[in-house]
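Everything on this sheet refers to the single structure shown next.
The values are calculated or read from the model by the stated rules, or taken from the named source; none is laboratory data. What you see is a predicted model, and the numbers here were worked out from it, not measured in a lab. Keep in mind that these areas ignore ligands, DNA and RNA; they rest on the heavy atoms of the full protein, side chains included. Shrake-Rupley method; radii C 1.70, N 1.55, O 1.52, S 1.80 Å.
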Amino acid sequence: DYIIGREIGKGAYASVKSCVHKPTGAKLAIKIYDKVKLDDMHKKNAVKREIQVLNILNHSNIVKLYEVIDTIKNIYLIMELVN
């Protein structure tokens with residue numbers, strides 16, 4: 001459902017790319033965690049905590065999490081794109 005664009009950020013465990021939601025045309029960001037890099041429970045728990053926190057927070061200074069997609073190889077966090 002998404003067209004993935006250019007990379008806008010990169011960290012030790014994930015990269016962030018721009019994306020467009022095909023059905024609505026909404027411009028969003030997608031954070032892509034490579035599960036191979038989440039090789040211990042501490043890293044896996046950190047990602048779970050990030051998702052839990054983003055799901056409950058609603059503040060103008062914090063990006064909104066729209067969707068989480070968990071596949072065999074990756075975890076994708078779809079969130080608003082901050083310019």
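A few comments on the model shown:
- Which label in (1) 12.8; (2) 14.1; (3) 13.3 gives the computed Kirkwood radius over Cα pairs in Å: (3)
- Degrees between helix 41-56 axis and first principal axis of the chain (Cα, 0 to 90, nearest 10): 30 degrees
- Rounded to the nearest 500, the helix-only mean residue ellipticity at 222 nm of the chain stands at -6500 deg cm²/dmol, with each DSSP H run of n ≥ 4 adding -39,500 (n - 2.57).
- The chain, relative contact order in percent, only Cα pairs under 8 angstrom and at least six apart counted: 26 percent
- Percent carbon-and-sulfur accessible area, the chain, ignoring ligands, DNA and RNA, probe 1.4 Å: 53 percent
- Long-range HN-HN contacts of residue 26 with modeled amide H, under 5 Å: 21
- Probe 1.4 Å, accessible area per residue of the chain, Å²: 71 Å²
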